[in-house]
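The values are calculated or read from the model by the stated rules, or taken from the named source; none is laboratory data. In this text the structure is predicted, and so the values were computed from the model without any measurement. Note that we place each Cβ from the backbone using ideal geometry, even for glycine, and neighbour counts take in every protein chain shown. Surface areas here come from the heavy atoms of the whole protein model, side chains and all, with no ligands, DNA or RNA. Shrake-Rupley method; radii C 1.70, N 1.55, O 1.52, S 1.80 Å.
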Amino acid sequence: MIRFVISSSSQPEVPEIKMECENFLHQYEHRKNLYNVIYSLSEDESSVFRSRHEEFVKSMLLVTLDNNPIIRTTVAGKIFAELLYKNILSMEAITKGIDAVLKNWNDYLMDNPQFFSYIAAIIAPLLLSQNASFDFNNLKDSCTSIRPDNSSKFFMEVLNKILRSNKTQKIKEHQGGILWIYNKWGMSDVSLDVFMPHNQINKFFKND
């Protein structure tokens with residue numbers, strides 16, 4: 001069971017926050033409807049998330065991990081990508097919200113051995129979005145607290161999710177396949193040792 005913690009005793013009870021996030025996921029998964037989440041983040045003065053966008057990202061991740069993660073992970077990622085594109089969520093809110101969950105990776109991994117895989121599945125739609133501006137620099141900022149000693153497995157899971165995505169298959173047909181990822185990496189100007197210590201890089205290329 002993923003531990004769901006919301007700071008500040010003045011905020012609504014955790015079950016209410018979980019239910020709200022689950023409703024956001026359900027509405028987008030089944031109807032591609034973002035109206036309620038946009039209203040909650042930008043207009044509703046009574047919403048716990050209106051001025052706490054980083055907390056929203058963190059809460060969505062934890063709800064996703066705790067409830068049908070295989071199905072819901074990509075849905076959460078698509079919601080973040082849409083909200084980033086629409087300027088409802090800032091890049092900083094997304095990267096800090098993800099990092100706030102990743103920094104407790106060791107605790108979450110004990111409850112869920114697929115933790116890194118599920119977080120990677122949330123991030124993949126952000127990297128694959130043709131509209132959102134999320135790149136490998138932003139991925140770097142999303143795992144600041146675990147780089148580089150504990151980020152190599154997470155980084156490889158992200159690459160695997162990108163390569164296996166149905167959207168990647170469509171990109172391959174129109175934009176030259178793996179070159180698209182290679183070019184996105186090149187434009188980000190990120191070195192591999194950001195995500196893994198030098199002594200792991202040779203092993204990485206040998207095994208993957």
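Summary of values
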read-out: Output for region 103-124, where each listed residue is open to solvent by 30 Å² or more (accessible area, probe 1.4 Å) and either free of Cβ contacts under 8 Å to residues at least 60 places away in the same chain or in a loop (DSSP other than H, G, I, E, B) (or both); value: Lys103, Asn104, Trp105, Asn106, Leu109, Met110, Pro113, Gln114, Tyr118
read-out: Residue count for region 7-28, restricted to those that are open to solvent by 30 Å² or more (accessible area, probe 1.4 Å) and at pLDDT below 80; value: 8
read-out: Looking only at region 90-102, and only at residues there that are under 13 Å from the mean Cα position of the chain (by Cα) and more than 18 Å from Pro148 (Cβ to Cβ), the one that is surrounded by the most Cβ atoms within 10 Å (Cβ to Cβ); value: Ile94
read-out: Members of region 65-91 that are among the basic types (Lys, Arg), assigned to a helix (DSSP H, G or I) and at pLDDT 90 or above; value: Lys78
read-out: Subset of region 141-166 that is part of a loop (DSSP other than H, G, I, E, B) and in contact with a Pro (Cβ under 9 Å, 6 or more places away or on another chain) - its residue that is least open to solvent (accessible area, probe 1.4 Å); value: Ser165
read-out: Condition check for Leu61: open to solvent by less than 30 Å² (accessible area, probe 1.4 Å), under 23 Å from Ala120 (Cα atoms) and outside any loop (DSSP other than H, G, I, E, B); value: yes
read-out: Region 32-48, subset touching a residue at least 24 places away in the same chain (Cβ under 8 Å) and either more than 15 Å from Leu84 (Cα to Cα) or small (Gly, Ala, Ser) (or both), residue surrounded by the most Cβ atoms within 10 Å (Cβ to Cβ); value: Val48
read-out: Selection count where residues are modelled with pLDDT of 90 or more, in contact with a helix residue (DSSP H, G or I) (Cβ under 8 Å, 6 or more places away or on another chain) and within 21 Å of Thr95 (Cα to Cα), scope region 29-53; value: 7
